[in-house]
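Notes to accompany the following structure.
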Number of protein chains: 2
Amino acid sequence: MCQVRQMDATDKGRKATIKDVAARAGVSPSAVSIALHDKPGVSASTKERILQAASELGWRPNQAAASLSGHNVHTVGLVIARPARMLGLEPFYMEFISGIESVLVRRSCSLLLRLIEADEEIQVHREWWQGGRVNGSILVDLRVDDPRVPALAEIGLPAVVVGHPSLAGPFASVWTDDAAAIVEAVRYLAALGHRRIDRVSGPAELGHSVIRTDAFTAVTREMGLEARTAVADFSADQGSRACRNLLLAPDRPTAIIFDNDIMAVAALGVAAEFGLSVPEDLSLLAWDDSQLCQLTRPTLSAMQHDVFSFGAEVTHALFGVINGEEHVSHPAQSPSLVPRASTAPPRR
Amino acid sequence: MCQVRQMDATDKGRKATIKDVAARAGVSPSAVSIALHDKPGVSASTKERILQAASELGWRPNQAAASLSGHNVHTVGLVIARPARMLGLEPFYMEFISGIESVLVRRSCSLLLRLIEADEEIQVHREWWQGGRVNGSILVDLRVDDPRVPALAEIGLPAVVVGHPSLAGPFASVWTDDAAAIVEAVRYLAALGHRRIDRVSGPAELGHSVIRTDAFTAVTREMGLEARTAVADFSADQGSRACRNLLLAPDRPTAIIFDNDIMAVAALGVAAEFGLSVPEDLSLLAWDDSQLCQLTRPTLSAMQHDVFSFGAEVTHALFGVINGEEHVSHPAQSPSLVPRASTAPPRR
DNA sequence: CGGTGTCCATAGAACGGTCTAGTGTTACTT
DNA sequence: AAGTAACACTAGACCGTTCTATGGACACCG
């Protein structure tokens, strides 16, 4: 792909190296390294002189070189396996990334981000970790028996899993209690009087879909409700299709729960198609509350979840892992119900 | 900050190096390097054997090492100077980043992303470029006489500026013709019959705000319209405040143009506060069309702009620069007007 | 006065690649 | 058959750090 750095680039403003700094301060490169890292081994006065020289030359240590000798690279990795187009549409990831950055900023760290199409995620992480380009990574969208878990544990990548510990294997994890949230959602709708509650889930292979589906099945059965889950992929398209299918069934639901906000918004359109008014004929409940839910008419009730803080917490946990702390895993705040205009008792 | 990699990490799954591959294939490390890069110097059979050995060991060259010897690092940089919280709320950046990734994916490249708070952007780029961590960078949010331009040109960073060539100095740039778009917007509103058209702009120090403001002033004067620009910062808060100020003026506007979509959405709320109905009493026109504009009631007319493609084009241009191509600068598609329900002829 | 620490500072070997300047082999000229 | 060109391959320097030895200088101790 892209070529070697341009010639006209390298001869301009040749970068200062540790040697230049050492020469200017009249010491050896080793002394410079020691001074920079606040290690014992140079006198206060020499250190002063070295730092002075470094700042005069505008020198910052070359991280690639530092990484080669096994040092901190001030970078964490994130690989997302979704088509690029979708990333821009889904509020979740951007908020999550913002949350990550909010922690990184404080430590002057960067995020190495890669979107992939197929199943190359393990490769990418290997390359990043073994190539010393990241200090650790965040793993998202865990599937059941995710192959990443054994593979990345094997190479010793410091990582935090976003998802339930049951999915995380030996890795630390930060998760939301999706089962509890599903129970809360179902109880709420049942309390309003709904007896047939359906649900549109995310991809079945995702670990949290499974957890939610299991909890949903259990709680509805326990409460003696009619229930069904249709599977979609978080996109508006598949969300509306799934919603349509549910509404076409002979025993039409009076309430539907969605696994994200995009699909719930799409369902508003489907309800209109069917001539159903929301919430009188059909209640809709979204997940991953975002601005979207407040901008629609009617506004959407949602399981609210502070994704920004979630991202921050995950990143915080990752630094815990990197620093070798124990007991890093913990649940994040559970989604909580925000009733808005899209849920109400069923008609009659 | 974070520590050196953990011990229990490095002793697990020790990474294969070029030497291991060389040993297994029975050749020298140089031969491996040559084979990997498809350079002349090894026979077809040896090359085959080497690649075989490499794949058996799962070896990928260490990019930090490669970077040290002046090689491609498959990474481009992006620094954004906004508070982390805002990033998640504004659809623009996420779509822009998705567009960038859509091009990077095809070349197996990563994006190195950094959010900063103060004026440290030049530092970050220096570190990345001189440290061989990126092959080039994308510069966004250019200000008038932006200090980044001379500083980064000086160190020879390959970069593409997102913004008008007049802001880009020696750098290549990709830009939208904001002046033409402003003219289109004003002509449209004037054609509907509006005589007093106001505008809420982004921060005055941003280069494209200046360009839009100048064009706005020029075209309204030329057409003999009353016009005024209030300055905000793209946030919903400041957007509504600015909008309120404009509506409180004795000669109230019948139409307002906004510099992004968030502020336009916020203005819907302000109109409601004032008891003004949109579009009868007040027409609103947004910029940077996104899902938001279609989800509000009434839907918002907007200057539509394919931000995803824009990001892709910018990235494409950056690879052009990195590969030493000439004539990389070019305008991107101009925003075009999408009339929806928030614009109409003024009452009476 | 020799031995033993402590403190400063340095030399030099990694780290994992790339690349230049070779060294041997062949094969082809003449 | 000697000269040479083309090819296959390698030794070793180098990139910019960090880090482990190690060496001097000086003070303190017995």
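Scanning the stretch B:72-108 for residues that are more than 7 Å from every other protein chain (Cβ to nearest Cβ), farther than 18 Å from B:H125 by Cα and in contact with a His (Cβ under 8 Å, 6 or more places away or on another chain) turns up B:V103, B:S108. All of B:R196, B:R143 fail the test of being away from every other protein chain (no Cβ under 14 Å) and at pLDDT 95 or above, apart from B:R196.
Just one of (1) within 30 Å of A:P298 (Cα to Cα); (2) buried (at least 18 other Cβ atoms within 10 Å of the Cβ); (3) among the hydroxyl-bearing types (S, T, Y) fails for B:S336. It is (2).
From the list A:R82, A:R133, exactly one residue is assigned to a loop (DSSP other than H, G, I, E, B), within 16 Å of DNA strand D (Cβ to nearest atom) and charged (D, E, K, R). Which is it? Step through it out loud before you land on a result.
Details: A:R82 fails: within 16 Å of DNA strand D (Cβ to nearest atom).
Only one candidate passes the filter, namely A:R133.
Pairs are defined by a Cβ separation below 6 Å, a sequence spacing of at least 6 or placement on different chains, a first member in the stretch B:52-71 that is more than 9 Å from chain A (Cβ to nearest Cβ), and a second member that is of a type in the set (A, V, I, L, M) and within 9 Å of DNA strand D (Cβ to nearest atom); the pairs so defined are B:A53/B:A25.
Out of the stretch B:287-297, which residues are within 14 Å of chain A (Cβ to nearest Cβ), hydrophobic (A, V, I, L, M, F, W, C) and touching a residue at least 40 places away in the same chain (Cβ under 8 Å)? Walk me through how you get there before you give the answer.
Applying the first criterion (within 14 Å of chain A (Cβ to nearest Cβ)) to the stretch B:287-297 yields B:288-297.
Narrowing further to those that are hydrophobic (A, V, I, L, M, F, W, C): B:292-293, B:295.
Result: B:L292, B:C293.
When the stretch A:179-195 is filtered for residues that are free of Cβ contacts under 8 Å to residues at least 24 places away in the same chain and among the hydroxyl-bearing types (S, T, Y), nothing remains. Taken as a whole, the structure leaves A:L36 outside the set of residues that are within 30 Å of A:M303 (Cβ to Cβ) and among the aliphatic types (A, V, I, L, M).
Out of the residues in the stretch A:89-105 meeting the condition of being modelled with pLDDT under 90 and assigned to a helix (DSSP H, G or I), tell me which one is surrounded by the fewest Cβ atoms within 10 Å (Cβ to Cβ). Among those that are modelled with pLDDT under 90 and assigned to a helix (DSSP H, G or I), it is A:V105. Contact map, the stretch B:25-38: first residue closer than 13 Å to B:A54 by Cα, second residue in a helix (DSSP H, G or I) and near DNA strand C (Cβ under 6 Å from one of its atoms), Cβ cut-off under 7 Å, separation 6 or more or different chains; pairs are B:P29/B:I18; B:V32/B:I18; B:S33/B:I18. For the stretch B:109-123, filtering for residues that are surrounded by fewer than 20 Cβ atoms within 10 Å (Cβ to Cβ) and either among the aromatic types (F, W, Y) or within 8 Å of chain A (Cβ to nearest Cβ) (or both) leaves 3.
The values are calculated or read from the model by the stated rules, or taken from the named source; none is laboratory data. Predicted model only: the values in this text are computed from it and were never measured. Backbone-built Cβ (ideal geometry, glycine too); neighbour counts: all protein chains shown.
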